[in-house]
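Working notes for the structure below.
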């Protein structure tokens, strides 16, 4: 472990394969980190050796990329610290190659005022692990009625506005949120599900019918996105659809982008990795919101990541303890603890030749940084030294029992993956190194 | 498919629990029905009680009210000589989940041999079966399955029609919420009957045709040529505007009366899992017509079928004694 941000000696990361999605750099080379920032980088840097006084870190030919930016996580702090804390999530994120994460405001209390935003920032400073940003609630107490102090919250560091796991359902409220947020160039992040249609436990279809579970039709997502896109056109606001899961939704967003609307979206790895059959015999670890969809939807999501319609991949980290999941399926909480599996599950798209390594990394680094206006996500002179060293090929089996997250709710137990994080660096500090 | 085979069967039933009909093989179902036949005779004789299950404890664990199913299981257990205990847990008044697992663990510590479980949530009985080390019988879980109901329906049909294979059965009403419908669809399908479902689309689950049934929205068309008309109960809370507009409209289009029944075969028989809503899904006279209605026989077959299930599932505990 190196020292603090300002006390650390300059460090040279040599013998690396440099990967920077933003500048399309993919070449052997080195990075010089000084004072927590990238001071220099390139293929010829330190070609004649590392000078005296600079610490030398040999990357062994592995990939050095910007640290991942996970734009959708639930930290459970404050309020549900038995499921996760900013510290435990920080360790889990570091192990996952994540250097910045953006927390949802659905805590207890809800992050809907300046004090809440400051609390998260303070706890993150104390934890001193990965960088933690937070969304603020779009409406007070997430009740979907009165908009929050968007301007003040943004001034105090809120990175976007969302009602978390709840859709902003009222069209007038959504219109005003989009419209008002324009004042401060803030983005509204929607959980795109029409609530009246989303009162079910899994995707509507044969599997739900066999299991006797209430279904959620794909239309629940498409209807909300279609409506929101019209409100975006009406207001000129900035809109981001979270965790899209259906072919219909990505098609709507594809067309909106072609029309020039200021619209972005993300998905989570489970939506291009699993389909509704993962529910099997009531496996609550495969219960997520929105639900896992059909195989055709899964394919469409993977395609939309590949063609850039989906801008970003987020873990949608939703830690839950055993009690929340060891329930009859309809009563179980939705969500997957995803921080530690974000990179390897996403790399499957690269290994399946759906898209190149740089394009895949862009979904996890530069694009979410751009959407939320975050520093990091780039290998560039002057950028924060938020780095991830990884081997994109190394095969391993996911084992949730070994998660550093406080919660182990993952449907990917013994799921074979390729690609492993070797080290994670935040502001020049090594916050994670693999055991090998 | 004959009620009692000419050759001796080994009455094989490899499953440890009876959680559902889906996945059971035709011969496993036939074996259960054949065994149930012998209990029909026993129940009608002067000597109703045996000591086959002597020393075994059966707990009826009901998280949902059901006087008739619970009574049927209780009688079945007692007629086989088991010690039967009834436990009712008010599901709505307690915190969910924790109590299901906690209750299961508590009961498990008392070493019952069989748990008979009714629960309002789909999959809850499977979840419970994973936490205990006794035999579990599903007495109805949510909208998922009610296997002993399908077995007693099959036994009733077989006794009146002599077979299941080749019959046409119409299941009418609230298919969406019905565990009885799902179990019957699986059972009748695997036994070679043709199954039709008929309901307004608001009461049909998505992709129901993928379960191998023909879908109808019109009662007379659905009943045309049917051997069996199986009516389902419509819950009160679904009658007024949420799934159907009114009782009056529902009965007019989907309630079984003599006029609609005339579309079926002349010897078509009527079934209902009970309790009936007279004048909602079925005409009151028709329900009581002993020439057409099998509703009371279904209740009788229920006890016999549940005796057969208790018998077959406890066989490993009894050292495979026949």
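The values are calculated or read from the model by the stated rules, or taken from the named source; none is laboratory data. The model shown is predicted, which means the values in this text are computed figures rather than measured ones. Reconstructed Cβ throughout: ideal geometry from the backbone, glycine too, with neighbour counts over all protein chains shown.
Worth pointing out:
- Annotation: of all residues in the range B:93-105 being within 27 Å of residue B:273 (Cβ to Cβ) and within 10 Å of chain A (Cβ to nearest Cβ), the one that is modelled with the lowest pLDDT is B:96.
- Some residue of the range A:187-202 being touching a helix residue (DSSP H, G or I) at 6+ places or on another chain (Cβ under 7 Å), at negative phi, assigned to a loop (DSSP other than H, G, I, E, B) and facing chain B (nearest Cβ under 9 Å): yes
- Looking only at residues in the range A:129-157 that are loosely packed, with under 15 Cβ neighbours inside 10 Å and assigned to a loop (DSSP other than H, G, I, E, B), the one that is nearest to the chain's Cα centre (by Cα) is A:157.
- Residues in the range B:16-25 that are farther than 16 Å from residue B:318 by Cβ and loosely packed, with under 15 Cβ neighbours inside 10 Å: B:23, B:25.
- When the range B:163-178 is filtered for residues that are surrounded by fewer than 24 Cβ atoms within 10 Å (Cβ to Cβ) and either without any contact (Cβ under 8 Å) to a residue 40 or more places away in the chain or within 12 Å of the chain's Cα centre (by Cα) (or both), only B:166 remains.
- Members of the range A:74-85 that are more than 17 Å from residue A:314 (Cβ to Cβ) and surrounded by 24 or more Cβ atoms within 10 Å (Cβ to Cβ): A:83
- Condition broken by residue B:278, with the remaining ones in (1) modelled with pLDDT of 95 or more; (2) surrounded by fewer than 21 Cβ atoms within 10 Å (Cβ to Cβ); (3) more than 15 Å from residue B:170 (Cβ to Cβ) satisfied: (1)
- Residue within the range B:169-177 that is away from chain A (no Cβ under 14 Å), at pLDDT below 95 and not in a helix (DSSP H, G or I) present: no
- The set of residues in the range A:386-414 being in contact with a strand residue (DSSP E or B) (Cβ under 7 Å, 6 or more places away or on another chain), in contact (Cβ under 8 Å) with a residue 40 or more places away in the chain and outside any strand (DSSP E or B) consists of A:386, A:398, A:409, A:410, A:411.
- Highlighted here are the helices (runs of 4 or more DSSP H) found entirely within the range B:50-144 that include at least 2 residues which are closer than 22 Å to residue A:279 by Cβ and under 20 Å from the mean Cα position of the chain (by Cα): B:124-129.
- The residue that is farthest from the other protein chains (Cβ to nearest Cβ), among those in the range B:148-166 that are out of contact with any strand residue (DSSP E or B) (no Cβ under 9 Å at 6 or more places or on another chain) and part of a loop (DSSP other than H, G, I, E, B), is B:162.
- Per-region count, the range B:106-147, residues touching a strand residue (DSSP E or B) at 6+ places or on another chain (Cβ under 7 Å) and more than 11 Å from every other protein chain (Cβ to nearest Cβ): 16
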